[in-house]
1. Loop only by DSSP, 11 or fewer other Cβ within 10 Å of the Cβ. Give me the trypsin sites (Lys or Arg not before Pro) in segment 41-145 that pass, ordered by residue number.
2. Taking springs between alpha-carbon atoms closer than 10 angstrom, which of His138, His82, His44 fluctuates most in the Gaussian network model of the chain?
3. Along the positive direction of the dipole of segment 7-156 (beta-carbon charges: Lys, Arg +1; Asp, Glu -1; about the Cα centre), which of Gln35, Asn151, Leu8 reaches farthest?
4. How large is the dipole of segment 7-156 about the Cα centre if only Lys and Arg carry +1 and Asp and Glu carry -1, each at its Cβ, rounded to the nearest 20 debye?
5. To the nearest 0.05, what FRET efficiency results for Lys48 and Glu142 with a Förster distance of 22 Å applied to their C-beta separation?
6. For the chain, report the translational diffusion coefficient in µm²/s to the nearest whole number, using Stokes-Einstein at 4 °C, 1.567 mPa s, and a Kirkwood Rh over Cα pairs.
7. Looking at the chain, what % of its DSSP beta bridges pair antiparallel, to the nearest 5?
8. Which cross-chain or sequence-distant (5 or more) residues have an amide H under 5 Å from the amide H of Val141, H modelled 1.01 Å from N in plane?
Amino acid sequence: MQNTHDHLICKSKALNDIYEQCRKKKIRLTPIRQQVFEEILQNHKAIKAYDILKIMSKPGELVKPPTVYRAIDFLLEHGFIHKIESLNAFIACYHEHRKECFQLLICDECGMVEEQTNSKICHEINLSSEQAGFILKHPVVELHGICFQCNKADALV
């Protein structure tokens with residue numbers, strides 16, 4: 001992951017996209033759903049549900065876990081976020097593919113996550129699944145390693 005990207009533009013595009021998709025699908029983006037989405041959008045690092053809960057809760061005004069989990073379920077159902085199974089955490093979806101096959105590159109040092117689609121990998125996964133008589137429901141490949149920035153920083157030490 002080379003860090004040549006302006007996250008404010010990225011975040012703004014993702015927010016505009018969710019508003020537009022909700023309008024097109026005639027689904028409601030409640031204030032809680034929007035707030036959960038915005039917390040997940042803060043950066044390209046995975047965030048756990050209980051971390052979102054802590055951020056949203058204020059002294060004397062605790063947000064209950066079902067509130068956050070219902071918002072997460074909505075965002076997952078409509079493809080606005082992805083669950084990183086290996087971390088039990090969530091990341092915003094910045095691509096148009098929504099529920100198609102994709103890969104998550106997860107840096108084990110800094111926690112950054114980059115989403116990619118690779119049609120060759122997707123084709124092979126689909127072909128292998130079909131040959132096994134297996135019906136894919138959630139075709140995600142999670143790849144753990146070290147990102148460009150961390151690798152570059154390690155080389156300087």
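1. Details: sites: Lys45, Lys48, Lys54, Arg70, Lys83, Arg98, Lys99, Lys120, Lys137; in loops: Lys48, Arg98, Lys99, Lys137.
Of the trypsin sites (Lys or Arg not before Pro), the ones in loops of segment 41-145 whose Cβ has at most 11 other Cβ atoms within 10 Å are Lys137.
2. His138
3. So the residue we want is Gln35.
4. Details: 20 positive and 19 negative charges, 159 e Å.
Result for segment 7-156 is approximately 760 debye, rounded to the nearest 20.
5. On the way: r = 15 Å, r/R0 = 0.70.
FRET efficiency, Lys48 to Glu142: 0.90.
6. On the way: Rh = 17.0 Å.
Translational D for this selection: 76 µm²/s.
7. Numbers: 11 of 17 bridges.
Antiparallel bridges: around 65 percent, rounded to the nearest 5.
8. Long-range HN contacts for Val141: Phe102, Gln103, Leu104.
Quick note: the coordinates plus some simple rules give every number you see, no bench work behind them. Remember, it's a predicted structure, so these values are computed and weren't measured experimentally. Because the Cβ atoms are built from the backbone with ideal geometry, glycine has one as well, and the counts that use them run over all protein chains shown.
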